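**Q** Shown below is the structure under consideration.
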Amino acid sequence: IKEKKIDEIFSLYIRTKHDWTCEKCGTRIEPPTNQIQCSHFHSRSLRSVRFDEDNADCLCAKCHWFFEHRKTTDYADWKLQKMGEKEFKLLRQRAYLSSNIGAVKIIDRYELVQQLKEKIKQYEENN
C-alpha cells in the first residue's frame with residue numbers, strides 16, 4: 001500500500017470522526033467534499049506524527065488556509081488551547097525528538113489501513 005493511499009484513508013477518518021465539521025469555526029459540509037480537510041499541525045514530512053490523530057485537525061478549507069500560514073502563531077495558540085499544555089508538548093516531542101522513528105513500515109501499512117477503515121465504519125454507524 002502506497003503512503004499516498006494511507007494519507008487518503010487517514011484524511012477520510014479524521015473528517016468522518018468529526019462529522020465533516022470544522023473544529024475551528026463549526027462549519028459542516030455534507031460529504032463527499034474537499035471543502036472539509038485534514039490539517040496536519042506538524043508537517044507530514046515528520047514521519048513520527050504523519051498518522052498521529054493528535055497531529056490532525058478537521059478544518060474547512062478557509063480555516064485550513066488561514067492556519068497554514070500561521071502555524072507558529074494562531075494555529076499554535078488554538079492547538080494549545082484545544083489539547084492542553086501537557087498533550088501539546090508531548091505531541092511536539094513525538095514530532096521532533098523522534099522524527100525518523102515512526103515511519104510506517106510496509107508490513108504495518110496494511111494493519112494501519114485496516115484499523116482506520118474499521119474506525120471510519122464505527123463512526124459512520126454511530127452517526
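The values are calculated or read from the model by the stated rules, or taken from the named source; none is laboratory data. These figures come from a predicted structure and were not determined experimentally. All Cβ positions, even for glycine, are placed from backbone atoms using ideal geometry, and neighbour counts span all protein chains on display. When the accessible area is computed, the model is the full protein with side chains, heavy atoms only, and any ligands, DNA or RNA have been set aside. Shrake-Rupley method; radii C 1.70, N 1.55, O 1.52, S 1.80 Å.
**Q** Roughly how many debye, to the nearest 20, is the charge dipole of the stretch 15-82 about its Cα centre, given +1 on each Lys and Arg Cβ, -1 on each Asp and Glu Cβ, and no other charges?
**A** For this selection, approximately 160 debye.
**Q** Next question, about the same structure. Go through Phe66, Phe88, Phe10 and list them by solvent-accessible area, largest first, probe radius 1.4 Å.
**A** Ranked list, largest accessible area first: Phe66, Phe88, Phe10.
**Q** Next question. Please tell me the relative contact order of the stretch 15-127 in percent, rounded to the nearest whole number, where contacts are Cα pairs under 8 Å and at least six residues apart.
**A** After rounding, I find 29 percent.
**Q** Another one. Order the following by accessible area, largest value first: His42, His18. Probe radius 1.4 Å; ligands, DNA and RNA are ignored.
**A** The ordering from most to least exposed comes out as His18, His42.
**Q** Something else now. For Lys86, Lys5, Lys79, Lys119, give the ranking by accessible area with the largest first, probe 1.4 Å.
**A** Ranking Lys86, Lys5, Lys79, Lys119 by accessible area, largest first, yields Lys86, Lys5, Lys119, Lys79.
**Q** Within a Cβ distance under 12 Å of Trp78, other residues only, what is the Lys/Arg minus Asp/Glu net charge?
**A** +1
**Q** Could you check the spin-label model distance between Glu125 and Arg28? Points 7 Å from the Cα along Cα→Cβ, value in nm.
**A** It works out to 2.1 nm between the two label points.
**Q** Using 0.36 nm times the number of residues separating Gln35 and Lys89, minus their current alpha carbon distance, what extension gain do you get?
**A** The Gln35-Lys89 span can extend by a further 16.5 nm.
**Q** Using only protein heavy atoms and a 1.4 Å probe, report how much of Cys38 is accessible, in Å² to the nearest 10.
**A** Cys38 exposes around 20 Å² with every protein chain in place.
**Q** May I ask you to list, by number, the DSSP H helices of the chain whose Cα span along the axis is at least 15 Å and whose average Kyte-Doolittle hydropathy reaches 0.5 or more?
**A** Helices passing the filter in the chain: none found.
**Q** Treat every Asp and Glu Cβ in the chain as -1 and every Lys and Arg Cβ as +1, leave all other atoms uncharged, and give the resulting dipole magnitude about the Cα centre to the nearest 20 debye.
**A** Here the size comes out at about 380 debye.
**Q** One-quarter of the Cα convex hull surface for the stretch 4-76, in nm²?
**A** Taking the Cα atoms of the stretch 4-76, their convex hull projects to 4.6 nm² on average.
**Q** Tell me, in nm to one decimal, what length is gained between Lys5 and Glu111 on full extension, where the rule is 0.36 nm per residue of separation less the Cα-Cα distance?
**A** Values: separation 106, 0.36 × 106 = 38.16 nm, distance 1.33 nm.
Length gained, Lys5 through Glu111: 36.8 nm.
**Q** Run a plain Debye calculation on the chain (Cα atoms as equal point scatterers, no solvent) and give log10 I(q)/I(0) at q = 0.09, 0.10, 0.11, 0.17 Å⁻¹, rounded to two decimals, same order as the q list.
**A** -0.25, -0.31, -0.38, -0.93
**Q** Run the accessible area of the chain with a 1.4 Å probe and give the carbon-and-sulfur part as a rounded percent. Kindly include the intermediate steps, with their values, before the conclusion.
**A** Values: 3960 of 7860 Å².
For the chain, the apolar C and S fraction of the accessible surface comes to 50 percent.
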